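Colleague: What follows is a structure written as structure tokens; I'll ask about it next.
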Amino acid sequence: MDVTGTDVLGVDIGGSGIKGAPVDLARGELAAERRKILTPQPSTPDAVADRVREVAEHFGWAGRPVGVTFPGVVTRGTARTAANVDKRWIGVDVARLLGERLGSPVTVLNDADAAGVAEMTFGAGRGRTGTVLVLTFGTGIGSALFVDGRLVPNTELGHLELAGHEAEKRAAGKAREDHDLSWTQWARRVQDYLAHLEMLFSPELFVIGGGVSRKSEKFLPLIEGIRAEIVPAELRNNAGIVGAGMAAVGAPGAPGQPAARTPATGAEPSATGAEAPAAGPDASRPAPQGPPPGDGRGAAAGES
């Protein structure tokens, strides 16, 4: 499939699936039906890079910007943790690896941060100020924390301890399936997790995304005792793809975390007018800060 008239491709790497699509940045929507491939097992850097290339080749994508989410802490394009993928990712310059494999300028950022930015710009968090937590329930639990519209990157709050266990081991979407929990049983675990986050951060809004967001009516009404407003994500499980696309071109609302861009070919100037880096495997530059308060309009990482 050769997609023309679209400037950026977003790819969302998850613990069980890798999905991507061209992104319409004016509307915050996918510009074509997304392509999904199962995450290889083991999910080594080389194996995952090959799958990401398959997604890009499906859309005839070469030489144009690509944004990629990664399920772990990412600083300047390098993976610092790898909770739900192979530990050999830790310390890998993901932006460089994928840039060389795809032949395109690549921007890499935390998966939940990407989903959060998309929701704050185009979805359920649009126009909201104060403290907002966007949570993605999938293979694990991703988190994106915003204060007056500004992202605090790489929070990874799914790894907080809850009832003596890592929170995502008890309350992720995968945990519900693995332990064959009813929606009521799982909702109680999510409720405990939200109560813990509320104690720590006092958010005004929780946005619940990831694969389970499309079934929000089955569990959100069962959650009690949380003072903050709780709403389902509007972009659902496409939020990570949209947020990756936003970061790749430095679009308004792109993450406040500087994200490395490593072009394997030449790169055009960014949407903000900043000069592009020189071509080559060592080229990188920080992405613009964002999003400004209230700058946004109405799926998040996780699997579907």
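Colleague: Which residues, counting only those in the range 37-88, are under 24 Å from residue 151 (Cα atoms), outside any loop (DSSP other than H, G, I, E, B) and open to solvent by less than 40 Å² (accessible area, probe 1.4 Å)?
Modeller: Within the range 37-88, 66, 67, 68, 69, 70, 74, 78, 79 meet the criteria.
Colleague: List the helices (runs of 4 or more DSSP H) that sit entirely inside the range 95-192 and contain at least 1 residues that are closer than 21 Å to residue 234 by Cβ and polar (S, T, N, Q).
Modeller: Passing ranges, in order: 111-122.
Colleague: Any idea which of 114, 95, 56, 49 is modelled with pLDDT of 95 or more, more than 19 Å from residue 34 (Cα to Cα) and of a type in the set (Gly, Ala, Ser)? Spell out how you get there, then give the answer.
Modeller: Details: 114 fails: more than 19 Å from residue 34 (Cα to Cα); 56 fails: more than 19 Å from residue 34 (Cα to Cα); 49 fails: more than 19 Å from residue 34 (Cα to Cα).
One residue alone meets the criteria, 95.
Colleague: Follow-up. Which residue pairs have Cβ atoms closer than 8 Å, lie 6 or more positions apart in sequence or on different chains, and pair a first residue in the range 142-162 that is among the acidic types (Asp, Glu) with a second residue that is part of a helix (DSSP H, G or I)?
Modeller: What qualifies is 156/112; 161/167.
Colleague: If you don't mind, there's one more thing I want to ask. Go through 170, 236 for me and flag whichever is touching a strand residue (DSSP E or B) at 6+ places or on another chain (Cβ under 7 Å), at pLDDT below 95 and surrounded by 17 or more Cβ atoms within 10 Å (Cβ to Cβ).
Modeller: The conditions single out 236.
The values are calculated or read from the model by the stated rules, or taken from the named source; none is laboratory data. It should be emphasised that the depicted structure is a prediction, and the values quoted were computed from it without experimental measurement. All Cβ positions, glycine included, derive from the backbone under ideal geometry; neighbour counts span all protein chains shown. Calculation scope for accessible area: heavy atoms of the full protein, side chains included, ligands and nucleic acids excluded. Shrake-Rupley method; radii C 1.70, N 1.55, O 1.52, S 1.80 Å.
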